[in-house]
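Once you've had a glance at the structure underneath, I'll fire off some questions.
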Amino acid sequence: MLFDRNQRFTELADKVNARKFIAQQIGEKYVVPTLGIYPSFDQIDLDALPQQFVIKCSHDSASAIICTDKDKFDIASAREKISFYLSRNMYVTTRERHYKNIVPRIICEKYLDVFAHADRDITPELFRVHCFAGQPQFIEVDFTDARGEESVNIYDPAWRRQEVCVGYIERRYPNNLDTRIRRPARLDEMLALSRQLSADVDYCRMDWFLVGDDIYFSEFTFTPCAGRMRFFPASVDLRFGELWQQRIQP
């Protein structure tokens with residue numbers, strides 16, 4: 001990835017363009033419904049938004065604001081946060097080249113309640129499918145329980161939990177060992193879609209939401225945690241790294 005200048009990574013890392021790509025490749029039903037796209041916060045018609053919604057930027061990570069009750073929405077705080085992220089270029093801070101030339105925009109989208117009528121302790125919040133040369137090799141599954149505690153499990157494509165922990169920069173996430181966790185009914189479809197979308201890419205992580213029986217695409221990620229993501233034990237970190245066979249362009 002250090003030597004790859006593939007313009008397609010920029011196109012797919014752009015969350016606005018990615019929505020169009022997903023709709024064209026696999027269908028509109030997999031796209032989180034869009035409420036609006038804006039160049040600045042003050043151009044958002046907040047009165048037109050539903051009681052629950054999500055606001056995020058098109059060109060970065062960690063900018064999402066989740067509103068579950070518009071009556072309690074802190075507009076000033078949201079404006080300050082989004083305006084800050086709009087002014088930030090991730091290439092400058094993390095050297096992730098594919099973010100460098102993305103046009104910053106604001107996306108307002110439907111709020112997805114993945115925990116509706118479900119037990120938070122055993123319900124995945126997000127599925128991150130890691131694909132190498134078009135093949136899903138492992139699934140990183142995020143949980144946030146009723147107490148707000150976060151955990152991450154790693155599964156193989158057959159949904160067998162691996163004895164692996166994930167670390168992001170300074171933080172290491174525990175596993176969710178609850179024996180009530182079940183294989184998602186639409187896992188095979190999620191893996192097939194990931195396989196299709198990553199067919200011509202050396203490495204890509206595709207993130208998905210599962211809301212009831214509905215699958216929604218979240219985003220493409222080409223350099224998780226700016227390349228600083230870690231797996232424990234170290235032997236697993238090495239094994240996963242060996243899966244990546246780069247086609248370096250001259």
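Do you know which residues across the range 21-42 are closer than 14 Å to Trp208 by Cα and of a type in the set (Phe, Trp, Tyr)?
The answer is Tyr30, and nothing else.
Looking only at the range 118-139, which residues are assigned to a loop (DSSP other than H, G, I, E, B) and more than 23 Å from Ile55 (Cα to Cα)?
Those that are assigned to a loop (DSSP other than H, G, I, E, B) and more than 23 Å from Ile55 (Cα to Cα): Ala118, Asp119, Thr123, Ala133, Gly134.
Only one of (1) assigned to a strand (DSSP E or B); (2) touching a Phe, Trp or Tyr at 6+ places or on another chain (Cβ under 9 Å) is not met by Glu219, so which one is it?
(2)
How many residues does the range 65-75 contain that are surrounded by 11 or more Cβ atoms within 10 Å (Cβ to Cβ) and either part of a helix (DSSP H, G or I) or of a type outside the set (Val, Ile, Thr) (or both)?
Looking only at that region, the number is 5.
Suppose we keep only residues that are out of contact with any Phe, Trp or Tyr (no Cβ under 9 Å at 6 or more places or on another chain) and modelled with pLDDT under 95 within the range 7-45. Which one would you say is surrounded by the fewest Cβ atoms within 10 Å (Cβ to Cβ)?
Gln7
May I pose another question? In the list Ser194, Ser198, Ser218, which residue meets the criterion of being more than 24 Å from Ala64 (Cα to Cα) and among the hydroxyl-bearing types (Ser, Thr, Tyr)?
Ser198
Could you please tell me which pairs satisfy a Cβ distance under 7 Å, a separation of 6+ or placement on different chains, a first residue in the range 208-227 that is at positive phi, and a second residue that is assigned to a loop (DSSP other than H, G, I, E, B)?
Cys225/Ile169; Ala226/Glu96
Output the number of the condition that Ala62 fails; it satisfies all remaining conditions of (1) loosely packed, with under 13 Cβ neighbours inside 10 Å; (2) among the small types (Gly, Ala, Ser); (3) out of contact with any Phe, Trp or Tyr (no Cβ under 9 Å at 6 or more places or on another chain).
Unmet condition: (3).
Ok, one more. Kindly indicate whether Arg228 is surrounded by 12 or more Cβ atoms within 10 Å (Cβ to Cβ) and either more than 22 Å from Leu112 (Cβ to Cβ) or of a type in the set (S, T, N, Q) (or both).
Spelling it out, Arg228 is indeed surrounded by 12 or more Cβ atoms within 10 Å (Cβ to Cβ) and either more than 22 Å from Leu112 (Cβ to Cβ) or of a type in the set (S, T, N, Q) (or both).
On the basis of being assigned by TED's automatic domain parsing to the domain that holds Arg97, touching a Lys or Arg at 6+ places or on another chain (Cβ under 9 Å) and closer than 17 Å to Glu219 by Cβ, does Lys56 make the cut?
Yes, satisfied.
Conditions tested, residue by residue: (1) surrounded by 13 or more Cβ atoms within 10 Å (Cβ to Cβ); (2) not β-branched (Val, Ile, Thr); (3) not in a helix (DSSP H, G or I).
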site: Gln51; (1), (2), (3): no, yes, yes
site: Ser77; (1), (2), (3): no, yes, no
site: Tyr85; (1), (2), (3): yes, yes, no
site: Val103; (1), (2), (3): no, no, yes
site: Ala116; (1), (2), (3): no, yes, yes
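Output the qualifying pairs, or none if there are none: Cβ atoms under 9 angstrom, residues six or more apart or on different chains, first residue in the range 145-166 and more than 23 Å from Arg195 (Cα to Cα), second residue outside any loop (DSSP other than H, G, I, E, B) and of a type in the set (Gly, Ala, Ser).
Once the first residue is more than 23 Å from Arg195 (Cα to Cα) and sits in the range 145-166, its partners that are outside any loop (DSSP other than H, G, I, E, B) and of a type in the set (Gly, Ala, Ser) give Asp145/Ser151.
Scan the range 155-177 and tell me whether some residue there is among the charged types (D, E, K, R), modelled with pLDDT of 95 or more, within 20 Å of the chain's Cα centre (by Cα) and surrounded by 10 or more Cβ atoms within 10 Å (Cβ to Cβ).
Scanning the range 155-177 turns up at least one residue that is among the charged types (D, E, K, R), modelled with pLDDT of 95 or more, within 20 Å of the chain's Cα centre (by Cα) and surrounded by 10 or more Cβ atoms within 10 Å (Cβ to Cβ).
The values are calculated or read from the model by the stated rules, or taken from the named source; none is laboratory data. Bear in mind the structure is a predicted one, so any value in this text is a computation, not a measurement. Cβ sites come from the backbone with ideal geometry, for glycine too, and all protein chains shown count toward neighbours.
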